[in-house]
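**Student:** Before anything else, here's the structure in question.
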Amino acid sequence: MAIQSKSRIAILAGAKKVIAEVGSYESNMIDIADRSEVSRATIYNHFVDKEEMMKTLLASEIDRLLAGAKSAKSKSEALRFLSEEISQDAALAKMVETDHDEVVALMTISDDPLWIHIHRELAAFFSAGESEVGLIIRWLLAQITSPLSVEQSRTQAEAIAKLL
């Protein structure tokens, strides 16, 4: 993961807060600047436009999730971490309510470099083959629209870890 400046980190955190409040489509650079406590000029010094910022936010969130999973003590704990983070993410929940097309695009596995990165990282971490990685990814994607409780995350993570 690349080292990021404090203002860039603040902008991405502010963007995530705004998305959790109004969704991605309704978010705007003025509100993101306010929540980030930076000027709009600072945002535009880091990002060409909102689309670039949102892509960067997505990549940053994926890196955060992968780093959290890698720091887990077991495969079961890593899966539980990923499940809970996805299931309890307020920004994702709001996007499910307000941004149908963006959620569908987010959940569509493709040959995009970000998907390739996710696949490789999960395969390496879990020492998993194609079918096992596919199971993990589809299980996690389902939680975007059908979040699990903490208990469900734990139980299902343990069951999946046993399959690996």
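**Student:** Based on the alpha-carbon gyration tensor of the stretch 93-164 and its eigenvalue square roots a ≥ b ≥ c, which shape applies: rounded if a/c is under 1.5, prolate if not and a/b is larger than b/c, or oblate?
**Tutor:** oblate
**Student:** Using Cα centres only, tell me the gap between the stretch 7-58 and the stretch 77-151 in whole Å.
**Tutor:** 22
**Student:** While we're here: Which lysines does Lys50 reach when only Cα atoms under 22 Å apart count, and residues fewer than 8 places away in its own chain are ignored?
**Tutor:** Cα-Cα hits under 22 Å: Lys6, Lys16, Lys17, Lys94.
**Student:** If you don't mind, another one. Note down the relative contact order for the chain as a percent, whole number, built from C-alpha pairs under 8 angstrom at least six residues apart.
**Tutor:** 26
**Student:** Here is a follow-up. Which aspartates and glutamates have a Cα lying under 16 Å from the Cα of Lys70, excluding residues fewer than 8 positions away in the same chain?
**Tutor:** Output for Lys70: Glu61, Glu84, Glu85, Glu121.
**Student:** A further question follows. Show me the trypsin sites (Lys or Arg not before Pro) within the stretch 34-101 that DSSP assigns to loop and that have at most 15 other Cβ atoms within 10 Å of their Cβ.
**Tutor:** Passing both the DSSP loop test and the Cβ count: Lys73.
**Student:** Where does the longest stretch of the chain lie that holds no GluC sites (Glu not before Pro) found in a DSSP loop with 16 or fewer other Cβ atoms within 10 Å?
**Tutor:** Longest site-free region, per DSSP loop and neighbour criteria: 38-164.
**Student:** Given that just one value was derived from the coordinates, which of (i) 29, 17, 14; (ii) 52, 49, 11; (iii) 55, 26, 11 is semi-axes √(5λ) of the Cα gyration tensor in Å?
**Tutor:** Identified label for the calculated read-out: (i).
No value in this document is a laboratory result; all are computed from the given coordinates. Computed from a predicted structure; not experimentally measured. So basically every Cβ, Gly included, is an ideal-geometry build from the backbone, and we count neighbours across all protein chains shown.
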